[in-house]
Amino acid sequence: TLGFDGNLTYELTPKTTSALVLSRGYSTSAIGQSLKDTRASLNFSTQFNSQWEGGLTFSYYTNDYGDTFLATDPTTPTDPNSKIFRRDTYREATLNVTYIATTWMTISGGVTFRKNDSTVQQAEFSNTLLSLILGLRY
């Protein structure tokens, strides 16, 4: 099977860039099922001055499990091996900022908002991730 990965980067200003990333491929789930993945993201990054950088990313993913996903089908609760079609739609938005303290140390912070919708109700979720990262380079 063939996949696709593409990346288009555009310089909005000398300090601000944007990128559109598209991907279509195949992967394997945690229990060995073949997945068809479609991914798209739009990224913006900017350098505010020599010590501060920031970024914003919007992402959209779909994972198609196909009709081989085994789960209890609510329409036939007596058959535990009913096969149903599963598709997950995942959306994410991330905002981050980085302080460049020295040539060998950075401090970054960010917030990520996530939401997953699925044809299988038990797989749906939404959450928020806060991050604080200390980067050291030697």
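The values are calculated or read from the model by the stated rules, or taken from the named source; none is laboratory data. Since this is a predicted model, take the numbers as computed values, not measurements. All Cβ positions, even for glycine, are placed from backbone atoms using ideal geometry, and neighbour counts span all protein chains on display. Note: accessible area is taken over every heavy atom of the protein model, side chains too, but ligands, DNA and RNA are not part of it. Shrake-Rupley method; radii C 1.70, N 1.55, O 1.52, S 1.80 Å.
With a cut-off of 19 Å, note down the residues of region 95-110 whose backbone N falls inside the zone around a label point 7 Å from the Cα of Gln51 toward its beta carbon.
Those under the cut-off are 97-110.
How large is the charge dipole for the chain, taken about the Cα centre, if only the Cβ atoms of Lys, Arg (+1) and Asp, Glu (-1) carry charge, to the nearest 20 debye?
On the way: 11 positive and 12 negative charges, 57 e Å.
So the dipole magnitude of the chain works out to roughly 280 debye.
Can you give the Rg and Dmax of the chain based on its C-alpha atoms, in angstrom?
In Å, with Rg to one decimal and Dmax whole: 19.8, 64.
What part of the accessible area of the chain, given as a whole %, is carbon or sulfur when the probe is 1.4 angstrom? If you can, show how the numbers build up before the last one.
Numbers: 5660 of 9570 Å².
Percent of accessible area from carbon and sulfur atoms in the chain: 59.
Counting only other residues whose beta carbon sits under 15 Å from that of Phe58, what net charge do I get with K and R as +1, D and E as -1?
On the way: positive: Arg39, Arg91, Arg114, Lys115; negative: Glu92.
My count for the surroundings of Phe58 gives +3.
With θ set to phi - 60° and the Karplus curve 6.51 cos²θ - 1.76 cosθ + 1.60, what are the ³J(HN,Hα) couplings of region 31-43 in order, to the nearest whole Hz, using x for Gly and Pro?
Along region 31-43, the couplings run 9, x, 7, 7, 10, 9, 9, 10, 9, 9, 8, 10, 10 Hz.
Roughly speaking, what is the stretch gain from Val120 to Arg91, that is 0.36 nm per residue apart minus the C-alpha to C-alpha distance, in nm to one decimal? Write out the running numbers ahead of the final one.
Details: separation 29, 0.36 × 29 = 10.44 nm, distance 1.64 nm.
The Val120-Arg91 span can extend by a further 8.8 nm.
For the chain, with the dipole built from +1 on Lys and Arg beta-carbon atoms and -1 on Asp and Glu ones, taken about the Cα centre, which of Trp52, Leu132, Asn96 lies farthest toward the positive end?
So the residue furthest toward the plus end is Trp52.
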